[in-house]
Amino acid sequence: MVKKISILFVTFSFLLFLSCDKKPTANNANRVAEIKKGVAPVADPEIAVIEMENAGAFGTIKIELYSNIAPKMVARFKELAREGVYNGTTFHRINQSVIQGGDPSSKDADPTNDGKGSSDKPNVVAEFSDIPYEAGIVGAARSQDNDSANSQFFITLKREAGFDNKYTIFGKVTEGMNNVRTISGVNPKQGERPLENVVIKSVTIQPK
């Protein structure tokens, strides 16, 4: 019985590991999100281009965006990119499953608040789908509240079946997956955070 409880606890913890550190508001019940099923992703006419500050080491990452799957999150991502919110943020969480970034708090000199921040805009409601979390999928990070996505995002390094139907998918890496893997190998780290900042120089929205 104790062994079964331990296994359940480990599984639950794994599913929550890429959540933002923000806590949902106490009076906001966690809405059961509808899952969009049987809809193939269609790439937008615009792509997101992530240029890293250390271009020689980390290069560029290009992402196709899926407005037909997650229109609200794609709109938010484009809006923040065009406002320059992502410029100077870091990939603050790196592990064997994902690289995660997009937290405005990671721009400051305090590493302890990385992963706890968001933009000054309202949270985005869940837009879950049945697209599988394969390598290169771009998802919206959130807290335990399904409707708490905001600015943070992650890129999967491998198939993550445990993420399916639980985090909004809004894009996929089309070029630069080798750079994603290079970032994932950065050491040393304190926990999941690189001790030397892995800085995003800019995120721009460009024609495909």
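Within the range 112-180, the proportion of C-alpha pairs whose separation exceeds 19 Å stands at 35%.
Of the GluC sites (Glu not before Pro) found in the range 33-126, those that fall in a DSSP loop while having at most 13 other beta-carbon atoms within 10 Å are Glu34, Glu83. Across every pair of non-identical alpha carbons in the range 23-105, the mean reciprocal distance, once inverted, gives a Kirkwood radius of 15.4 Å. Taking other C-beta atoms within 10 Å as the exposure proxy, Ser202, Ser129 rank Ser202, Ser129 from fewest upward.
Here the chain is treated as a Stokes sphere of Kirkwood radius computed over C-alpha pairs; at 4 °C and 1.567 mPa s its diffusion coefficient rounds to 75 µm²/s. A crude spin-label estimate for the pair Lys37 and Thr182, with each label 7 Å from Cα along the Cβ direction, gives 4.2 nm. Highest-first packing order for the peptide set 148-156, 185-193, 106-114 is 148-156, 106-114, 185-193, based on the mean count of other beta carbon atoms within 10 Å.
Rule-based calculations on the coordinates, nothing more; no lab input. Everything quoted here is computed from the prediction, not taken from an experiment. Note that we place each Cβ from the backbone using ideal geometry, even for glycine, and neighbour counts take in every protein chain shown.
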